[in-house]
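Notes follow once the structure below has been shown.
The values are calculated or read from the model by the stated rules, or taken from the named source; none is laboratory data. Computed from a predicted structure; not experimentally measured. Cβ coordinates were reconstructed from backbone atoms using ideal geometry, including for glycine residues, and neighbour counts include every protein chain displayed.
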Amino acid sequence: MARLIVLGGGVAGHTTATFAAKWLGSSHEVMVVTPNAKWNWIPSNIWVGVGELSKEDVTFDLAPVYSKAGISYKQAKAVAIHPEGKDGSDKPYVVIEHTSKAKAGETEEVEYDYLVNATGPKLNFGATPGLGVGSNLGEHTVSVCTADHAEHAAHELKICIDKMKSGETQKFLIGTGHGMCTCQGAAFEYIFNIEHEIAKAGVRDKAEIKWISNESFLGDFGMGGLHMKVGGYVVSSKLFAESLYAERDIEWIIGAHVNKVESGKASYELLDGSMHEEEFDFSMLIPPFAGVGLKAYDKAGEDITATIFAPNGFMKVDANYAAGTYENWKASDWPRTYQNPTYSNMFAAGIAFAPPHIISKPMSSVNGTPINPTPPRTGMPSGIIGKAVAHSICDLITKGDGAHLHEASMAEMGAACVASAGKGILDGTAAAMTVFPVVPDFEKYPGTGRDTEYTFGEIGLAGHWIKHILHYLFMWKAQLKPGWTLIPE
Amino acid sequence: MIKDLIQYPQTPPIEFNAPVRFFNEDLFNLIDDLKDTMKEHNLNGLSAFQIGNPHSVIVVKDKDNNYIELINSRIFFKKEKITTNETTTYFPDINIDIIRDRHIKVMYEDREGSQKFLDASDEFAVLIQRKIDYNFGANFSIRLNDAKKEQLDMKLEHGIDVVIDNSCPTNFKRDKVLKVINILLAISLIAVFSKYFISDDAIVVLSEYLNNGFYLISSMIIFYTFFAYWEGSKYTNCMSCQIGNIIGTALFHFAKLIALITLKYFII
């Protein structure tokens, strides 16, 4: 009997574990190690953050679901990987530290045959002074990265709306809290949902809403922007976004690295090196992501973290990490199997894999501060990668070491994104976009590197309904309810 | 080499421009072509898109008539909105009011690939904004709201200036009434079929509610007809076509209501 350990129970980890358990059956063991007791459908956190959904609407307990699926479950965080085992045993193992109330702080060594690192990101609030400490959110801003954060954000938003109702003007600053952030899409959704809620409350005239981000143009989204077919015409995401911001009366600051947050004030550096400040009454700034800080040791106990992980803490996989400068970047630099090049029984999925380079054109300020979005690996790509990795490991277990590994390159994968711009059955809006491929392939599609036949978008009420339906579909799928395998990633 | 300028109604051979990745002889030739074309047509600025080239390259003339080559340009700072009356080579002889930024800061690369910055204000800033729009595959029409865009289309199609105060709006309040009517019709339809899932007692109550609902819907269609006529009368230039539209819409919704009543008669 082989044991597969999946570190992390987010979109990628949950997908890997549930499919592996289904395909392997009871003849092999699948174990999930995740510090959280609940699964969270993160894309809907933005609705929790405006008070339209509750925390319970976007989460569920993992234990009963894993019990039903025959998956072993440990509520713990991984601390260190020992891929060569230790003195007296060649069996690789992972050191975990329990996080459940009953066992908090206890450590344990768990042996594995195959390991998937799907730990997701460390929310690196500490990278920006004042934004937080380590992975903990600070006191000056709010966040929608977790359901708890989002609940807190909704509470703070309500206070601001109450103030506006009593005649006060409030300043809102939403966007990215560092020059190297990703996930502009979540901030994009949140700013428009806030605007929608404020307008619904009848106090739009009392709100000054401003966007701040590390994108070099509005609509970059960490993918270098995209050109999509809208109503038969090809429209740039830049012009699409600018029109939307102008229509909703939202100002924007771009090319910004937020370098300090204080009470009611964010300081930032622009691409020309100039320093500025922006005041706010309410601010949601996405933190940069980093690896969760897993360590790795060889059999002799020597630290081999730098061999297994990239400097940003994400796990190295079968990518080309020596691609060089922007003009040399190729689609083939991106990983296909997500297998660690040093230890073939280790894989990474979702945000946890180290991308070979960013997707957008690299930018830095005259002071040398990098100011560009890092590549998005969330949502649909995470799920697809998780499933491909599960497939590969199942084949390795059942067919042997020579089994063909399944591939899911982001340079050959399309993605669909439905970005909410306001919740409401009759007055909601969302921008639905597809992009193909996620990572531009300049050789296959000369020019922007994408196929405009499969890259299109629309904004409207129908988009909101799709987003709403997707919420229920993915909650259903993640809970492994009947027909869950029929719902695509 | 002087290149042909793409003008309406000619469709650009490309849909948008891509970032320049290679700073080589091809790029230098493109920049020379842009300058030659600008000289020939006495232009202050030109985007590669306007001569059908798929790269993010712009050449503009500053106030001293020096050529500035902007490669992979981005506007990362803007201040103060202004309304400018613009024309462009793509739509010769058409002027349109557009809202732009008065002061901008642009980051770009020169022909060596070195990162540079440029502050621009007033006309020069507007010129750069227009050219960057082309870089992203759009002419100034992208900056217009739906009503103005419709007016531009009319002008291009018929050659007449229909930009007058009393032109038809694209959105009427009457459309909201129509929306409510459609929602009520949809709810009633679902209610008719819910007969198969409820008790006999509940069917009696449902039938009563549906009858009241039908009265309400028919009243709303009548209200819609008069309200729409009154609202449309404020826009004299488009009244004739509106009357046909209003009557047609009202009849169509009455037909839907009758069909629903018939369905209810046979099912419940």
Note to self: Exactly one condition in (1) touching a helix residue (DSSP H, G or I) at 6+ places or on another chain (Cβ under 8 Å); (2) within 13 Å of chain B (Cβ to nearest Cβ) is false for A:G447; which is it?
What the structure shows: (1)
Next item on the list: Being under 18 Å from A:M180 (Cβ atoms) and assigned to a strand (DSSP E or B) is the filter; apply it to region A:285-304 and report the residue that is farthest from the other protein chains (Cβ to nearest Cβ).
Entry: A:A290
Notebook entry, point to check: Which one of the conditions (1) buried (at least 19 other Cβ atoms within 10 Å of the Cβ); (2) within 14 Å of chain B (Cβ to nearest Cβ); (3) among the hydroxyl-bearing types (S, T, Y) does A:T452 fail to meet, given that it meets all the rest?
Noted result: (1)
Item checked: strands (runs of 3 or more DSSP E) fully within region A:74-136 counting 3 or more residues that are among the charged types (D, E, K, R) -> A:107-111
Item checked: Residues located in region A:177-192, provided they are touching an Asp or Glu at 6+ places or on another chain (Cβ under 8 Å) and away from chain B (no Cβ under 14 Å) -> A:Q184
Check: Restricting the search to region A:193-231, which residues are part of a strand (DSSP E or B) and within 14 Å of another protein chain (Cβ to nearest Cβ)?
Finding: A:K210, A:W211, A:I212, A:H227, A:M228, A:K229, A:V230
Next item on the list: Please specify each residue of region A:394-409 satisfying the condition of being touching a residue at least 60 places away in the same chain (Cβ under 8 Å), in contact with a helix residue (DSSP H, G or I) (Cβ under 6 Å, 6 or more places away or on another chain) and of a type in the set (A, V, I, L, M, F, W, C).
Entry: A:C394, A:L405, A:A408
Margin query: So in region A:362-392, with the set limited to residues that are touching a Ser or Thr at 6+ places or on another chain (Cβ under 7 Å) and within 14 Å of chain B (Cβ to nearest Cβ), which one is farthest from B:F117 (Cα to Cα)?
Written below: A:P373
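Considering only region A:347-354, I want to know if a residue exists there that is surrounded by fewer than 24 Cβ atoms within 10 Å (Cβ to Cβ) and modelled with pLDDT of 95 or more. It would help to see each step written out before you state the result.
The first filter runs over region A:347-354 and keeps only residues surrounded by fewer than 24 Cβ atoms within 10 Å (Cβ to Cβ), leaving A:354.
Remaining after also requiring modelled with pLDDT of 95 or more: A:354.
Yes - at least one qualifying residue is present in region A:347-354.
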Check: What number goes with the only condition from (1) at pLDDT 90 or above; (2) within 30 Å of A:D451 (Cβ to Cβ); (3) touching a Phe, Trp or Tyr at 6+ places or on another chain (Cβ under 9 Å) that B:K78 does not pass?
Finding: (2)
Item checked: Qualifying positions in region B:51-70 - touching a Phe, Trp or Tyr at 6+ places or on another chain (Cβ under 6 Å) and within 13 Å of B:K3 (Cβ to Cβ) -> B:V59
Next item on the list: Consider A:A266 carefully, then state whether it is within 25 Å of the chain's Cα centre (by Cα), over 15 Å from B:F77 (Cα atoms), among the aliphatic types (A, V, I, L, M) and within 12 Å of another protein chain (Cβ to nearest Cβ).
Entry: no
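Out of everything in region B:95-150 that is of a type in the set (V, I, T) and away from chain A (no Cβ under 13 Å), what residue ends up being surrounded by the most Cβ atoms within 10 Å (Cβ to Cβ)? Explain how you work it out, then say what you get.
Initially, region B:95-150 is screened for residues of a type in the set (V, I, T), giving B:96, B:98-99, B:104, B:106, B:126, B:128, B:132, B:142.
Still in the running and away from chain A (no Cβ under 13 Å): B:96, B:126, B:128.
Working: B:I96: 20, B:V126: 20, B:I128: 24.
The qualifying residue surrounded by the most Cβ atoms within 10 Å (Cβ to Cβ) is B:I128.
Can you tell me which of A:D441, A:D401, A:D427 is acidic (D, E) and either closer than 18 Å to A:F240 by Cβ or buried (at least 17 other Cβ atoms within 10 Å of the Cβ) (or both)? Walk me through it before giving the result.
On the way: A:D401 fails: either closer than 18 Å to A:F240 by Cβ or buried (at least 17 other Cβ atoms within 10 Å of the Cβ) (or both); A:D427 fails: either closer than 18 Å to A:F240 by Cβ or buried (at least 17 other Cβ atoms within 10 Å of the Cβ) (or both).
That would be A:D441, the only listed residue that is acidic (D, E) and either closer than 18 Å to A:F240 by Cβ or buried (at least 17 other Cβ atoms within 10 Å of the Cβ) (or both).
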Notebook entry, point to check: Name the pairs: first residue in region A:271-294 and farther than 18 Å from A:E156 by Cβ and surrounded by fewer than 18 Cβ atoms within 10 Å (Cβ to Cβ), second residue of a type in the set (S, T, Y) and at pLDDT below 95, Cβ to Cβ under 6 Å, at least 6 apart or on different chains?
Noted result: A:G273/A:S365
Check: Would a scan of region A:423-437 turn up a residue that is under 30 Å from A:L115 (Cβ atoms) and either small (G, A, S) or assigned to a loop (DSSP other than H, G, I, E, B) (or both)?
Finding: yes
Margin query: Would you confirm, using the coordinates I've provided, whether A:G414 is modelled with pLDDT under 90, within 23 Å of A:G10 (Cα to Cα) and touching a Phe, Trp or Tyr at 6+ places or on another chain (Cβ under 6 Å)?
Written below: yes
Check: Looking at B:S194, B:S218, B:S199, B:S233, which one is surrounded by fewer than 11 Cβ atoms within 10 Å (Cβ to Cβ) and not assigned by TED's automatic domain parsing to the domain that holds B:E150?
Finding: B:S199
Checklist line | Long-range neighbours under 7 Å by Cβ, at least six apart or interchain, first residue over 10 Å from B:S73 (Cα atoms) within region B:108-131, second of a type in the set (K, R) and not in a strand (DSSP E or B) | finding: B:F124/B:K63
Notebook entry, point to check: When the residues of region B:178-191 are filtered to those that are in contact with a helix residue (DSSP H, G or I) (Cβ under 8 Å, 6 or more places away or on another chain) and away from chain A (no Cβ under 14 Å), which remaining residue is surrounded by the most Cβ atoms within 10 Å (Cβ to Cβ)?
Noted result: B:S188
Check: In region A:11-36, how many residues are modelled with pLDDT of 95 or more, within 20 Å of the chain's Cα centre (by Cα) and assigned to a loop (DSSP other than H, G, I, E, B)?
Finding: 1
Check: Quick one: is A:E251 under 25 Å from the mean Cα position of the chain (by Cα) and in contact (Cβ under 8 Å) with a residue 12 or more places away in the chain?
Finding: no
Next item on the list: Might you check whether a residue that is under 25 Å from A:F217 (Cα atoms) and at pLDDT below 95 occurs anywhere in region A:333-344?
Entry: no
Check: Taking region B:1-54 only, how many residues are farther than 21 Å from A:V235 by Cα and either part of a helix (DSSP H, G or I) or more than 31 Å from the chain's Cα centre (by Cα) (or both)?
Finding: 23
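Can you pull out the residues in region B:31-57 that are of a type in the set (A, V, I, L, M) and within 14 Å of chain A (Cβ to nearest Cβ)? Show your work before the answer.
Keep residues of region B:31-57 that are of a type in the set (A, V, I, L, M), which gives B:31, B:34, B:38, B:43, B:46, B:48, B:51, B:57.
Answer for region B:31-57, where residues must be of a type in the set (A, V, I, L, M) and within 14 Å of chain A (Cβ to nearest Cβ): B:A48, B:V57.
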Next item on the list: Name every residue in region B:61-94 that is buried (at least 20 other Cβ atoms within 10 Å of the Cβ) and at positive phi, in order of residue number.
Entry: B:N72
